[in-house]
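Visitor: The following block contains the structure, expressed as structure tokens.
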Number of protein chains: 2
Amino acid sequence: MTDPQPTTTTWVDGAAGSLYDVDNLPYAVVATGDEPARIGVRIGEHVLDLGAAARALRPEWTPLLAVPRLNELMAAGATTWAEVRAWAVELLTDATRRDEVEAWLLPLADVTCRLPFEVADYVDYYASEHHATNVGRIFRPDGAALLPNWKHLPVGYHGRAGSIVVSGTPVHRPAGQRKAPTEDAPTYGPSRRLDIEAELGFVVGRSVPLGQRVGTGEFAETVFGVTGVNDWSARDIQAWEYVPLGPNLAKSFATSISAWVTPLAALEPARVPLPGQDDVPVLPYLAEDGPSGYDIEVEVELNGTVVARPPYRSMYWSPAQMLAHLTVNGASLRVGDFYASGTISGPEKDQRGSFLELSWGGQEPFAVGDAERTFLEDGDEVVLRYTAPGARGRIGLGEVRGKILPTS
Amino acid sequence: MTDPQPTTTTWVDGAAGSLYDVDNLPYAVVATGDEPARIGVRIGEHVLDLGAAARALRPEWTPLLAVPRLNELMAAGATTWAEVRAWAVELLTDATRRDEVEAWLLPLADVTCRLPFEVADYVDYYASEHHATNVGRIFRPDGAALLPNWKHLPVGYHGRAGSIVVSGTPVHRPAGQRKAPTEDAPTYGPSRRLDIEAELGFVVGRSVPLGQRVGTGEFAETVFGVTGVNDWSARDIQAWEYVPLGPNLAKSFATSISAWVTPLAALEPARVPLPGQDDVPVLPYLAEDGPSGYDIEVEVELNGTVVARPPYRSMYWSPAQMLAHLTVNGASLRVGDFYASGTISGPEKDQRGSFLELSWGGQEPFAVGDAERTFLEDGDEVVLRYTAPGARGRIGLGEVRGKILPTS
């Protein structure tokens with residue numbers, strides 16, 4: 001699968017040189033008025049309606065594109081992914097077809113984005129060494145920051161697929177059992193330590209039966225694209241429930257993802273080597289050739305103020321390693337499987353991707369404009385924004401937006 | 001929703017007085033020859049083809065019954081569940097209609113059963129006090145057997161929905177990272193401590209949006225029915241991976257469920273009080289009225305020898321409590337959500353539902369006919385069988401069968 005690497009310029013006004021130029025073209029499921037939702041690609045401040053374009057020009061792709069989820073396109077396989085992408089580039093760069101294609105161009109402001117794919121299983125990893133170290137120091141100040149398994153395998157767990165929501169969906173503060181160390185017994189009520197986790201997500205576009213393995217080298221034919229993820233977390237519920245079977249209700253109330261799924265092809269120029277796995281060699285099934293990290297910058301904005309800039313290039317485990325680990329036991333894959341990186345935190349204080357870390361367990365409130373925060377308050381709005389180097393300049397991966405509503 | 005409580009006798013030869021009399025009528029998705037799979041109910045050694053019967057007699061139910069999964073019937077709601085059940089009883093007890101209905105009766109031996117429903121999310125609990133205590137003693141011999149949260153909330157985690165398979169599907173021994181306490185570093189290879197977990201599963205037949213809660217009193221309108229579950233577990237992979245985020249690859253390679261889903265109505269006579277939650281009072285959202293346990297007997301058979309008989313009536317947490325806990329944070333429910341009880345173990349040694357417990361961590365091999373076992377060997381076949389008191393005598397909930405194949 002090679003990127004079309006367009007050498008021509010788009011005719012779409014304002015798109016050339018923007019974060020959404022023709023080297024990007026992320027996918028979403030868009031709806032307008034009463035028309036059924038279908039697939040579109042973003043170009044500048046517009047969306048090319050691929051459903052409508054397919055009906056007119058490529059009827060064989062109508063079942064993949066004039067449908068309200070990416071699953072059918074993903075299931076068609078990596079060759080089709082490349083063909084559809086090349087076709088979209090052609091439509092958006094051939095100035096002689098402008099009049100024809102413009103009919104399928106929708107102003108971004110006129111579309112509503114839906115959840116871009118039907119989620120099969122959701123696995124959340126814990127792939128940032130800086131994040132895992134910070135969490136270890138906060139929760140186990142007297143013990144080793146990293147647990148013994150951490151550098152041998154990408155630690156992960158299954159999350160709740162059914163509560164994954166698209167960017168913009170408001171999030172009710174979860175209630176549940178919380179017990180502070182100073183309390184004798186748990187009480188029931190709204191979480192008092194509601195947090196974000198700025199992550200990156202990977203959408204599987206391929207089915208693999210039970211009993212097989214997917215190697216690190218199969219990443220590009222298996223993963224269709226990338227989303228932003230905010231894995232909302234109730235730290236007080238988590239602290240009380242998570243031993244010994246891991247987080248459950250602390251996370252299962254909502255996970256927000258970007259409306260836009262950026263194809264791997266658009267991210268080829270963002271490939272960078274991992275920071276290094278030299279001190280603890282990985283087992284052969286996790287070995288990789290070439291640069292397998294991504295130089296994606298994340299911006300965490302709270303109520304209009306940027307409070308952190310986590311760098312994805314600092315992640316310890318690569319997405320291809322997470323994929324290989326996920327299936328090494330023979331677990332099957334389905335189209336729509338989704339896995340996330342875990343909180344992205346860099347080495348610097350202002351690169352931490354959770355309030356738990358930014359406020360060091362709630363002990364060090366941090367400034368948000370004129371206000372201070374430790375954890376989220378009702379009415380707070382969080383926006384995660386993602387950009388990366390593209391073939392021509394920086395590209396945008398969209399945003400993950402969510403506002404906290406009181407417990408319902 | 002009341003059980004039809006039939007006072008008449010079925011005309012199906014051999015069914016009256018069997019484990020599958022008209023007070024039972026579990027559902028499955030059945031296929032015969034080249035015909036599309038559809039829904040049937042078991043009666044004695046036959047299956048009543050509800051898809052064919054609906055086409056002829058109740059065309060409005062064709063979209064619920066002449067389809068290869070229970071999800072549509074479940075989504076129709078509890079009133080329809082009761083109506084379909086009453087209709088099946090009528091067809092199978094009205095001797096004047098025998099000639100007409102016999103055309104839709106398939107010998108059990110002629111049908112193949114598929115996975116009975118499309119699984120949305122899968123949550124596995126840890127609801128047996130005897131099991132949790134045994135595991136605590138085996139893994140933490142010097143610590144408290146039960147962790148502090150255990151009697152306050154039903155501890156659970158999300159499992160992999162995509163690797164749930166129907167009874168009879170062979171299971172490849174998983175491979176992965178294992179590290180014995182005596183080893184310095186993990187190695188990669190087939191699990192050396194492959195185990196079973198005899199459980200009961202609960203199938204959700206109702207959608208509930210994000211931000212709501214489902215109370216314990218809504219159990220009967222929310223849960224469609226019950227399955228047997230074997231939650232295969234690789235103990236060596238689990239021991240190395242599970243801190244701090246819980247089990248992942250140790251479980252995600254396969255979970256087997258019975259082909260038959262027994263409606264809650266058939267299990268009304270099996271209701272029994274829980275053993276008791278008096279020493280640690282539960283929070284109000286977990287409170288219940290009336291008997292909320294089930295007197296279901298499980299038989300664990302290995303290579304033709306019964307090795308344990310775990311009693312479901314000994315479970316600490318009720319299925320209604322597990323449901324209320326699952327949604328107390330505002331998590332949504334989807335039709336096809338599935339949750340399991342965790343290993344069923346009773347107080348006696350021969351009532352333990354895992355080999356981990358039967359062999360006490362592998363230290364005390366147990367007899368299996370002329371052989372001995374600690375964990376599963378390639379070629380072993382495990383059958384879990386479930387029965388309960390019904391309205392007329394004992395009823396069968398089907399079996400969960402699986403044979404271990406070598407690592408693929």
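Visitor: So which residue of B has the beta-carbon closest to the axis that swings B onto A, and how many whole Å away?
Guide: Per the Cβ-to-axis criterion, the result reads B:246, 1.
Visitor: Taking a label point 7 Å from the Cα of residue A:118 along the Cα→Cβ vector, which residues of segment B:330-349 have an amide N closer than 20 Å to it?
Guide: B:332-339
Visitor: Now, a different point. On average, how many beta carbons from a partner chain sit within 10 Å of the beta carbon of a residue in B:321-330? Walk me through the numbers on the way to the answer.
Guide: Details: counts 0, 0, 0, 0, 5, 4, 3, 8, 20, 13.
Counting other chains' Cβ atoms within 10 Å and averaging over B:321-330 gives 5.
Visitor: In the Gaussian network model of chain A, springs joining C-alpha atoms below 10 Å, which of A:284, A:365, A:389 carries the largest mean-square fluctuation?
Guide: Of A:284, A:365, A:389, the most mobile in the Gaussian network model is A:284.
Visitor: So for the pair residue B:13, residue B:34, with labels modelled 7 Å out along Cα→Cβ, what separation do we get in nm?
Guide: 3.0
Visitor: Rank A:164, A:139, A:16 by how far each Cα sits towards the positive end of the charge dipole of chain A (+1 on Lys, Arg Cβ; -1 on Asp, Glu Cβ) and give me just the farthest.
Guide: A:139
Visitor: Can you tell me the dipole magnitude for chain B around its Cα centre, using point charges on the Cβ only (Lys, Arg +1; Asp, Glu -1), in Debye to the nearest 20? Intermediate values should be presented prior to the final figure.
Guide: Values: 34 positive and 53 negative charges, 148 e Å.
Computed charge dipole of chain B: roughly 720 debye.
Visitor: Tell me the mean residue ellipticity at 222 nm calculated for chain A from its helices only (DSSP H runs of n ≥ 4, each -39500 (n - 2.57), averaged over every residue, nearest 500). Walk me through the numbers on the way to the answer.
Guide: Numbers: 10 runs with 73 residues, N = 408.
Taken over chain A, the calculation gives -4500 deg cm²/dmol.
Visitor: Additional query: Under 26 Å between alpha carbons, and skipping anything fewer than 8 positions from residue A:151 in its own chain: which lysines qualify?
Guide: Once the sequence-local lysines are set aside, what remains near residue A:151 is A:251, A:349, B:179, B:251.
Visitor: Short version: ³J(HN,Hα) in whole Hz for each residue of segment B:201-207, in order, from phi by Karplus 6.51 cos²θ - 1.76 cosθ + 1.60 (θ = phi - 60°), x for Gly and Pro, what are they?
Guide: x, 10, 9, 7, x, 9, 9
Visitor: Under 15 Å between alpha carbons, and skipping anything fewer than 8 positions from residue A:403 in its own chain: which aspartates and glutamates qualify?
Guide: Qualifying aspartates and glutamates at Cα under 15 Å: A:195, A:197, A:231, A:301, A:377, A:378, A:380, A:381.
Visitor: Among DSSP bridges having both ends in chain A, what percentage is antiparallel? Round to the nearest 5.
Guide: Details: 63 of 71 bridges.
So the antiparallel bridges in chain A amount to around 90 percent.
Visitor: Also, quick follow-up: Determine the relative contact order of chain B: mean sequence separation of Cα pairs under 8 Å and six or more apart, normalised by residue count, in whole percent. Intermediate results must be reported in sequence, preceding the final value.
Guide: Numbers: 1011 pairs, mean separation 85.2, N = 408.
This gives 21 percent for chain B.
Visitor: In percent, how large is the relative contact order of segment A:115-268, given Cα pairs closer than 8 Å and 6 or more residues apart?
Guide: On the way: 235 pairs, mean separation 37.7, N = 154.
Normalised by residue count, the contact order of segment A:115-268 is 25 percent.
Visitor: Continuing with the same structure: Taking the alpha-carbon centroid of each part, what is the distance from segment B:96-123 to segment A:288-345 in angstrom?
Guide: Using only Cα atoms, the two centres lie 44 Å from each other.
Visitor: In nm to one decimal, list the spacings between the residue A:273 label point and its equivalents in the other copies, with label points set 7 Å along Cα to Cβ, shortest first.
Guide: Label point to label point, same position, other copies: 6.9 nm.
Visitor: Which whole-number percent is the relative contact order of segment B:27-114 (Cα, under 8 Å, 6+ apart)? Walk me through the intermediate numbers first.
Guide: Details: 125 pairs, mean separation 31.4, N = 88.
Normalised by residue count, the contact order of segment B:27-114 is 36 percent.
Visitor: In segment B:170-265, which trypsin sites (Lys or Arg not before Pro) fall in coil by DSSP and have 15 or fewer other Cβ atoms within 10 Å?
Guide: Details: sites: B:178, B:179, B:192, B:193, B:206, B:213, B:235, B:251; in loops: B:179, B:192, B:193, B:206, B:213.
Answer in residue order: B:192.
Visitor: If you take the charge dipole of segment A:27-114 about its Cα centre, with +1 on Lys and Arg Cβ and -1 on Asp and Glu Cβ, which of A:53, A:79, A:31 is farthest toward its positive end?
Guide: Most positive-ward Cα: A:79.
Visitor: At what distance in angstrom do the alpha carbon centres of segment A:240-260 and segment A:168-212 lie from each other?
Guide: 2
Visitor: Let me make sure I get this right: for chain B, a, b and c are the square roots of the gyration tensor eigenvalues over alpha carbons, sorted descending. Under 1.5 in a/c it's rounded, otherwise prolate if a/b > b/c, else oblate. Which is it?
Guide: On the way: a/c = 1.81, a/b = 1.48, b/c = 1.23.
Cα axes put chain B in the prolate bin.
Visitor: Looking at chain B as a GNM with Cα springs under 10 Å, which of B:347, B:26, B:36 has the largest mean-square fluctuation?
Guide: B:36
Visitor: When the chain is fully extended, how far beyond the present Cα-Cα distance does residue A:147 get from residue A:79, taking 0.36 nm per residue of separation? Mind showing how you got there, number by number?
Guide: Numbers: separation 68, 0.36 × 68 = 24.48 nm, distance 4.11 nm.
Taking 0.36 nm per residue and subtracting the Cα distance, the gain is 20.4 nm.
Visitor: Among A:328, A:359, A:338, flag the residue with its Cα farthest along the positive direction of the charge dipole of segment A:293-407, charges on Cβ as +1 for Lys/Arg and -1 for Asp/Glu.
Guide: Of the listed residues, the answer is A:328.
Visitor: Nothing charged except the Cβ atoms of Lys and Arg (+1) and of Asp and Glu (-1): what's the magnitude of the dipole of segment B:27-114 about its Cα centre? Round to the nearest 20 debye.
Guide: Details: 9 positive and 13 negative charges, 57 e Å.
Using Cβ point charges on Lys, Arg, Asp and Glu, segment B:27-114 gives about 280 debye.
Visitor: Find out how many positive minus negative residues lie around residue A:44, taking Lys and Arg as positive, Asp and Glu as negative, among other residues whose Cβ is under 11 Å from that of residue A:44. Don't jump to the answer; show the numbers that get you there.
Guide: Numbers: positive: A:42; negative: A:13, A:21, A:45.
Taking every other residue near residue A:44 into account, the sum is -2.
Visitor: Using R₀ = 45 Å, calculate the FRET efficiency as 1/(1 + (r/R₀)^6) where r is the Cβ-Cβ separation of residue A:303 and residue B:108; round to 0.05.
Guide: Numbers: r = 63 Å, r/R0 = 1.40.
Approximately 0.10, to the nearest 0.05.
Visitor: Among A:292, A:233, A:128, whose mean-square fluctuation peaks in a Gaussian network model of chain A (Cα, cutoff 10 Å)?
Guide: Between A:292, A:233, A:128, it is A:292 that shows the largest mean-square fluctuation.
Visitor: Here is a further query. Using a label point 7 angstrom from Cα along Cα-to-C-beta, what distances in nm, from shortest up, separate residue B:100 from the other copies?
Guide: For residue B:100, the inter-copy label distances come out at 6.0 nm.
Visitor: Between copies, how far apart are the residue B:392 label points? List them in nm, one decimal, shortest first, with each point 7 Å from Cα toward Cβ, please?
Guide: 7.5
Visitor: Same structure again: What is the distance, in nm, between label points placed 7 Å from the Cα along the Cα-to-Cβ direction at residue A:213 and at residue A:279?
Guide: So the two model labels end up 2.7 nm from each other.
Visitor: Rounded to the nearest 0.05, what FRET efficiency is calculated for residue A:90 and residue A:45 with R0 set to 22 Å and r the Cβ-Cβ distance?
Guide: Details: r = 21 Å, r/R0 = 0.94.
With a Förster radius of 22 Å, E is 0.60.
Visitor: Would you mind getting me the FRET efficiency between residue A:58 and residue B:408? Use the beta-carbon distance for r and R0 = 45 Å, nearest 0.05. Provide the component values of the computation, followed by the final result.
Guide: Numbers: r = 39 Å, r/R0 = 0.87.
So, using R0 = 45 Å, E works out to roughly 0.70.
Visitor: Considering only the other residues whose Cβ falls under 10 Å of the Cβ of residue A:258, what net charge follows from Lys and Arg at +1 and Asp and Glu at -1? Mind showing how you got there, number by number?
Guide: Numbers: positive: A:385, A:401; negative: A:399.
Around residue A:258, the surrounding residues sum to +1.
Every number in this text was worked out from the coordinates using simple rules, so none of it is lab data. Bear in mind that the values here come from a model prediction, so they are computed numbers and not experimental data. A quick note on method: Cβ atoms are made from the backbone with ideal geometry, for glycine too, and the neighbour counts reach across all protein chains shown.
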